[in-house]
Amino acid sequence: MSWLPATGGKLALNEIDLLEVRAMTTAPGRLLVCGWVDPVGGEVARGMPVLAQDGSMVGTVAAVVHSEPDQTISHILLGQVPPTAVYRLMPLDLLDRLDGDHLWLRATRQQIAMLPAHQPDDRAR
C-alpha cells in the first residue's frame, strides 16, 4: 500500500487503505518516550507539536511505537488537541519533516481524523 500517489502528493485514504492501516497497527509494540525516526532524520519525542500539511496543529506526540518483531519504530502515537482519551496511530509514511521541535505531516486534519484509534495491549497492564 502506498500512502502517496505518484502525482500531486495528496493522500488517497479510502476504505481499503483504512482496512490496511488497521491491519498494520495491530502488531504488538512498546510505547517509548522518544526515538529516532528515519523518515524525518531525527528524534521524535513525547510532547512535540504535530502539524498538518496546512500548518494547523493537530496534536502532540504522545509516544513513539516500537515494533517488537522487527525492533524498529513503526508508528507515532498522536495525542489530540484539545486532549481526549482517543489516540491516533500514524504510520511513518505520513511524516513529512522535523522543523525545530515541530513534526510536520503529509496529511490534512480530515485525513488524520480517519486514522485508526490506538487500542492498548492488555499485556501492558
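Listed here are the residues, each with its yes/no results for (1) at pLDDT 50 or above; (2) in contact with a strand residue (DSSP E or B) (Cβ under 9 Å, 6 or more places away or on another chain); (3) surrounded by fewer than 19 Cβ atoms within 10 Å (Cβ to Cβ).
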| residue | (1), (2), (3) |
| --- | --- |
| 5 | no, no, yes |
| 24 | no, yes, yes |
| 38 | yes, yes, yes |
| 67 | yes, yes, yes |
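Just one of the numbered conditions (1) farther than 16 Å from residue 38 by Cβ; (2) crowded, with 17+ Cβ neighbours inside 10 Å; (3) out of contact with any helix residue (DSSP H, G or I) (no Cβ under 9 Å at 6 or more places or on another chain) is not true of residue 52: (3). Just one of (1) crowded, with 19+ Cβ neighbours inside 10 Å; (2) among the hydrophobic types (A, V, I, L, M, F, W, C); (3) at pLDDT 50 or above fails for residue 33. It is (1). If you go through the stretch 85-108 and keep only what is exposed (fewer than 15 other Cβ atoms within 10 Å of the Cβ), in contact with a strand residue (DSSP E or B) (Cβ under 9 Å, 6 or more places away or on another chain) and farther than 19 Å from residue 65 by Cα, you end up with just 99.
The values are calculated or read from the model by the stated rules, or taken from the named source; none is laboratory data. These numbers come from a predicted model, not from an experiment. Counting neighbours? That spans all protein chains shown, and the Cβs are built from the backbone with ideal geometry, glycine included.
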